[in-house]
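All remarks here apply to the structure that follows.
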Ligand code: DC
């Protein structure tokens, strides 16, 4: 069976990573969460005082970026952990502070250039499932299988809200909805690699689907793409 590149793009909080991880597990492919890389850069900037009151010190970040190392490691259960300069930051990059600052950081052209270069190296030998916003359009425009995932914004906000409650946080639904909408807007209006559906991507609106249903849907597309 040929080893392909699977690009899963789409809006935030629509279950891209859940379906990408499940497919990688079933197929033995490597899963790469590109959003985690932008989150790690954001955490770096926050820790070094390069974001103050929402204002990014872009010149300084650009100077530091070549020295920042971002990587992944996999624990005994196969779960991916993001490493920032060797430190496991998986938990911290999912917090509200990083979430609130990641969209403007990921809109900086020099940040995108550096991350895309790393992503291309990670995926060069195939057999990968990569999720993000610009995988099918910019990182791997020749990916054999491209999926564009979306869901209604209230459904996505509810999923994010439930996740936060499960983690013991006490979110306000309206704030979560506002964050989802804001990120959609920034992600799809930035100048470099805005979020958009690749012309040859297959669209999945999973607003009314269960996780097993979406996994089955994706597996069927994987089987078709690898059989060709
Ligand atoms: O998928 P996520 O929510 O973890 O992504 C975090 C942010 O990173 C999101 O605001 C969009 C941005 N991102 C991006 O610009 N390009 C990617 N390939 C992946 C994520």
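Where a number appears in this text, it was derived from the coordinates with a stated rule and is not lab data. Computed from a prediction, not measured in an experiment: that's the story for all the values here. Every residue, glycine among them, receives a Cβ derived from its backbone with ideal geometry; neighbour counts consider all protein chains shown.
Convex hull volume of the Cα atoms of segment 1-129, normalised per residue: 112 Å³.
The calculated 222 nm mean residue ellipticity attributable to helices in the chain amounts to -15000 deg cm²/dmol, summing -39500 (n - 2.57) over DSSP H runs of n ≥ 4 and dividing by all residues.
Modelled spin labels at residue 209 and residue 73, positioned 7 Å past Cα toward Cβ, are 3.5 nm from each other.
Among 180, 192, 116, 203, the order by Cβ neighbours within 10 angstrom, fewest to most, reads 203, 192, 116, 180.
With contacts taken as Cα pairs under 8 Å at a separation of at least 6 residues, segment 72-165 carries a relative contact order of 10 percent.
In percent, rounded to a whole number, the relative contact order of the chain is 34, using alpha-carbon pairs under 8 Å and six or more apart. Relative contact order of segment 6-118, taken over Cα pairs closer than 8 Å and 6 or more residues apart, is 24 percent. Assuming a viscosity of 0.692 mPa s and a temperature of 37 °C, what translational diffusion coefficient in µm² per second does Stokes-Einstein assign to segment 1-55, Rh being the Kirkwood radius over Cα pairs? My calculation gives 243 µm²/s for D.
Among 21, 57, 146, the order by Cβ neighbours within 10 angstrom, fewest to most, reads 57, 21, 146. If each Cα of segment 65-197 is one equal point scatterer, what is log10 of I(q)/I(0) from the Debye formula at q = 0.09, 0.11, 0.21, 0.22 Å⁻¹? So the normalised log intensities are -0.31, -0.47, -1.57, -1.57.
Just checking the listed ones, 60, 77, 92: in the Gaussian network model of the chain with Cα springs under 10 Å, the one fluctuating most is 77. So the label point goes 7 Å from the Cα of residue 219 along Cα→C-beta, right? Which residues of segment 23-46 then have their backbone N under 12 Å from it? Once the point is set 7 Å along Cα→Cβ of residue 219, 23-27 turn out to lie under 12 Å by backbone N, inside segment 23-46. Going by neighbour counts of Cβ atoms within 10 Å, the residues 110, 44 line up, fewest first, as 110, 44. Counting only DSSP beta bridges with both residues in the chain, the antiparallel share comes to about 35 percent. Straightening the chain between residue 2 and residue 94 buys 29.7 nm, computed as 0.36 nm per residue apart minus the Cα-Cα spacing.
Against the empirical curve 2.2 N^0.38 Å, the C-alpha radius of gyration of the chain lands at a ratio of 0.98. For residue 26 and residue 178, a Förster radius of 41 Å and the Cβ-Cβ distance give a FRET efficiency of 0.70, rounded to the nearest 0.05.
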